[in-house]
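Okay, so here's the structure we're looking at.
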Amino acid sequence: MNIKKVTFLAVITNIFLAVIKIITGILFNSIAILADGIDSSTDIITSLVTFFATRLSVKPPDKLHPYGHSKIENIGAKIISFVIFYAGISLFIESTKKFVTKEYFQIIGILPLVVTLISITFKTILFLIEYTYGKKYNSSSLVAEALNMRNDILLSSLVFLGVFLNKLGLEWMDPLVGMVMSAIIIKVAFEIFTENAYVLLDGITPKDTWIYDTIIDVCNSCSGIKNPHKIRVRKIGNVYDINMDIEVDPNMTVKESHNLTKCIKEKLIKITNNKIYDVVIHIEPFENKENEPYGIGGENEENHNHSIND
């Protein structure tokens, strides 16, 4: 199965779940089931965004986009975060209103419990598929949707618990579960927004900072290289684009210095499991002194100097 089939499957599944939960929520006066149905409706939108983003992101580089189109997936993930956040806020307001004003009822019948069990089952299967193929094809938007789906499994489980307790006589559990669900939704939205903001700002996420130490270690392992500095890393999709300066013997030939840069690049490709977009290395003579832009130094210290033209 490829990404196109996975995203299409996600759209169809979310449409099915949204329809049955919204209808059930309305017919049985359950704010929790209705909220779960609305959440699945937002999943339809996020699935559609992912569906189109994954197709556009595979376009090759061109004159206007020399670094390719991979960040379209990050833009798609950002859109997903806004949709999820809006749904979370809306659900929180409605659930709180019903809880405070005591506008809750005992849910009648077994169908609401059956519907929530169907939702849990389908979402679990969809999460496993999306996460597996998202990691396999390094698709950030598909992984983001999978993480949202994992959250949905917890939400549907909470709905099941809330409906079950409601039927036992605790009517207030229905809007209370709605409030808890909305808080979780808002949290997930914030996490997706933050992670993709780093990439869109030409940076890396906090969990990727290990790459700087790795680069310095690789430079130190290649004989003839001193003072790796002005190291700057950004992510393009799920691969690293690296810029850096190194110092070498000023009497070294061009070919010899070029071999040193090849040593760095080949080792980085191996260590990162081929997750390198490009490595651009500027060669300088030993003990070169100049005012340079921001970057991480060989001592793993941040260089805050401005460019020489400032």
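Can N300 be described as modelled with pLDDT under 90 and farther than 30 Å from Y137 by Cβ?
Values: modelled with pLDDT under 90: yes; farther than 30 Å from Y137 by Cβ: yes.
Against the criterion (modelled with pLDDT under 90 and farther than 30 Å from Y137 by Cβ), N300 qualifies.
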Those helices (runs of 4 or more DSSP H) completely within the stretch 99-218 that have 3 or more residues that are modelled with pLDDT under 85 and over 20 Å from I12 (Cβ atoms) are 140-167, 173-200
Given the options V159, V115, name the one that is hydrophobic (A, V, I, L, M, F, W, C), touching an Asp or Glu at 6+ places or on another chain (Cβ under 6 Å) and buried (at least 22 other Cβ atoms within 10 Å of the Cβ). V159
Are any of the residues in the stretch 195-215 in contact with a helix residue (DSSP H, G or I) (Cβ under 8 Å, 6 or more places away or on another chain), touching a residue at least 24 places away in the same chain (Cβ under 8 Å) and more than 30 Å from S57 (Cβ to Cβ)? no
Going through the stretch 118-144 one residue at a time, which ones are closer than 19 Å to D39 by Cα and surrounded by 24 or more Cβ atoms within 10 Å (Cβ to Cβ)? S119, K123, L126, E130, S141, L142, A144
Identity of the residue in the stretch 162-213, surrounded by 16 or more Cβ atoms within 10 Å (Cβ to Cβ) and polar (S, T, N, Q), that ends up farthest from the chain's Cα centre (by Cα): N166
Got at least one residue in the stretch 253-273 being under 30 Å from E73 (Cβ atoms), at pLDDT 90 or above, surrounded by 14 or more Cβ atoms within 10 Å (Cβ to Cβ) and of a type in the set (D, E)? yes
Looking at V100, is it β-branched (V, I, T), in the same structural domain as L170 (by TED's automatic domain parsing), surrounded by fewer than 19 Cβ atoms within 10 Å (Cβ to Cβ) and under 21 Å from S156 (Cβ atoms)? no
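Condition test on I184, is it under 21 Å from A32 (Cβ atoms) and touching a Phe, Trp or Tyr at 6+ places or on another chain (Cβ under 9 Å)? Don't jump to the end; show me each part of the working.
Working: under 21 Å from A32 (Cβ atoms): yes; touching a Phe, Trp or Tyr at 6+ places or on another chain (Cβ under 9 Å): no.
No.
Go through the stretch 236-260 and report how many residues are within 30 Å of the chain's Cα centre (by Cα) and in a loop (DSSP other than H, G, I, E, B). Please lay out each step first, then the result.
The first filter runs over the stretch 236-260 and keeps only residues within 30 Å of the chain's Cα centre (by Cα), leaving 236-244.
If we keep only those that are in a loop (DSSP other than H, G, I, E, B) as well, we get 237-238.
So the count comes out to 2.
The values are calculated or read from the model by the stated rules, or taken from the named source; none is laboratory data. Small disclaimer: the values here were computed from a predicted structure and weren't measured. Glycine also receives a Cβ, built like all others from the backbone with ideal geometry; neighbour counts cover every protein chain displayed.
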